[in-house]
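Right, one structure below, let's go through it.
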Amino acid sequence: MRILPARAPTVILRADNALRQAIEIYFELVENHPNTPEANQAQRRLTEIGELYERWGEFRQARSLYERLL
């Protein structure tokens with residue numbers, strides 16, 4: 001069993017918040033600036049994040065992200 005340092009929950013929450021912020025920024029690019037190189041790259045990144053959610057077993061989050069991309 002691995003024991004995490006006392007600050008680990010704070011670090012995890014910050015990382016989760018940063019990921020959510022990145023997702024929203026990527027979606028803003030995709031939705032507000034379609035057919036630009038930046039939007040295309042953002043769409044690729046969102047797909048990669050969806051794949052990460054799948055690997056982590058977070059299937060509802062992955063599906064929600066994919067559905068929003070459609």
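Annotation: amide H of H33 has no partner in the under-5 Å range at sequence separation 5 or more or interchain, hydrogens built in the peptide plane. Just to confirm a number: summing +1 for Lys and Arg and -1 for Asp and Glu over residues other than G50 whose beta-carbon lies under 13 angstrom from that of G50, what do you get? Residues near G50 contribute +1 overall.
Every number in this text was worked out from the coordinates using simple rules, so none of it is lab data. The structure displayed is predicted, hence computed values, not measured ones. Reconstructed Cβ throughout: ideal geometry from the backbone, glycine too, with neighbour counts over all protein chains shown.
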